[in-house]
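So the structure is just underneath, and the comments pick up after that.
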């Protein structure tokens, strides 16, 4: 199986902290996520700044678009994002509109599976031509002590079988990676486990080494 | 029944256009909504600017929070919003966290019913103590030619019966208001029907006159 890509989530509260986080680790990262928190704090200009600073990285704007797909999708993509996200409860018309906008730009969207969704929706997304989904153990679920379990793995396996390129996220540590090794995961997102490490670059490199060891 | 409040949605693409929209009509408006589009464009600073300019209006930040309720909710409320929104697919833990943050500040949240949700969720929201929901005919549904119908009214009636203060939105015109006159609607949102009118202040005043006529 192909080695999964490593994405860092910049869920910082402001531009300065985001740059402090990414500057240290960029060389070991494949995808830079402009987190929802950072977009709400700074607006679209932070997407543009990060793409300008890192033109050779994939920039993902985690806008979690719920509506107005034909306005918010071009806003994010034309600010420099290669990909942007839609939230899973968005109507199919919204997702179709976002896909159209992305295709016109040879860019892509992802469906962010935060909160309530089901496999009937997932099948419908595939029918529209959605390629990417983000399987998300929520920050608040983590805070409530909910750990990765068989129910997560079963859903991730079904999403892979449906043909999605699956991103996995939600407080993932290097030690967690082996749990997912039987699946063709496309991307893992790390946030605080890299950003808050004593040596963030070493933490990112440890992810890459473990990804190469497990997916070969 | 109490006269519903009138909210204008500032779904402008930038600060300048937002101010151009609100300056003309503010005196006839009860609630100023900082739209998702405007938040994504400008970040939280636009919430702060609008509250500073209009300290006596209710400022609603339509952030459509899906996760990280304990970070995004205080970000919006401490920037000057009186209320902020969560998206309907958010996990209950996220909504509970947002409610806690809002209560500490004597402010409030709304659940934005854009896309997929059901009444089991709505009952659970009431159980958590959610008071406000936003019944939303999506922009993309409107573009697809879907009109207000009995299914919308049935859902709005059930939400009122559950005890929610219900906001109604989605391309509403003055002529549409009479459809809803049998329900104790808390807020109507108008966006383009005011912003794009030849005389926006007169358009807002026409809404207020019709609201006073229908809900007395």
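The values are calculated or read from the model by the stated rules, or taken from the named source; none is laboratory data. Quick caveat: nothing in here was measured; it's all calculated off a predicted structure. Here the Cβ is made from the backbone with ideal geometry for all residues, glycine too, and neighbour counts use every protein chain on show.
Below are the figures for this structure:
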item: Search result, residues across the range B:182-202 that are surrounded by 14 or more Cβ atoms within 10 Å (Cβ to Cβ), under 16 Å from residue B:5 (Cβ atoms) and modelled with pLDDT of 95 or more; result: B:183, B:185, B:186, B:187, B:188, B:189
item: Single match in A:59, A:46 (criterion: closer than 22 Å to residue A:190 by Cβ, in contact with a strand residue (DSSP E or B) (Cβ under 8 Å, 6 or more places away or on another chain), more than 7 Å from every other protein chain (Cβ to nearest Cβ) and assigned to a helix (DSSP H, G or I)); result: A:46
item: Residue A:94 vs. criteria under 30 Å from residue A:212 (Cα atoms) and either within 10 Å of chain B (Cβ to nearest Cβ) or assigned to a helix (DSSP H, G or I) (or both); result: no
item: Residue in the range B:116-135 that is at the interface with chain A (Cβ under 10 Å from one of its Cβ atoms), in contact with a strand residue (DSSP E or B) (Cβ under 6 Å, 6 or more places away or on another chain) and touching a residue at least 24 places away in the same chain (Cβ under 8 Å) present; result: no
item: Answer residue from the range B:1-27, given it is touching a residue at least 24 places away in the same chain (Cβ under 8 Å) and surrounded by fewer than 16 Cβ atoms within 10 Å (Cβ to Cβ) and is nearest to residue B:49 (Cα to Cα) among those; result: B:14
item: Failed criterion for residue B:87 (all others in (1) at the interface with chain A (Cβ under 9 Å from one of its Cβ atoms); (2) touching a helix residue (DSSP H, G or I) at 6+ places or on another chain (Cβ under 9 Å) hold); result: (2)
item: Candidate set from the range A:28-43 (those that are in contact with a helix residue (DSSP H, G or I) (Cβ under 7 Å, 6 or more places away or on another chain) and more than 17 Å from residue A:63 (Cβ to Cβ)); member that is surrounded by the fewest Cβ atoms within 10 Å (Cβ to Cβ); result: A:28
item: Breaking point among (1) surrounded by fewer than 20 Cβ atoms within 10 Å (Cβ to Cβ); (2) closer than 30 Å to residue A:137 by Cα, for residue B:142; result: (2)
item: Given (1) surrounded by 17 or more Cβ atoms within 10 Å (Cβ to Cβ); (2) in contact with a helix residue (DSSP H, G or I) (Cβ under 7 Å, 6 or more places away or on another chain); (3) away from chain A (no Cβ under 14 Å), number of the condition residue B:158 does not satisfy; result: (1)
item: Where residue A:167 falls short, out of the listed (1) touching a strand residue (DSSP E or B) at 6+ places or on another chain (Cβ under 6 Å); (2) without any contact (Cβ under 8 Å) to a residue 12 or more places away in the chain; result: (2)
item: Yes/no for residue B:23 being within 17 Å of residue B:76 (Cβ to Cβ), away from chain A (no Cβ under 14 Å) and not in a loop (DSSP other than H, G, I, E, B); result: no
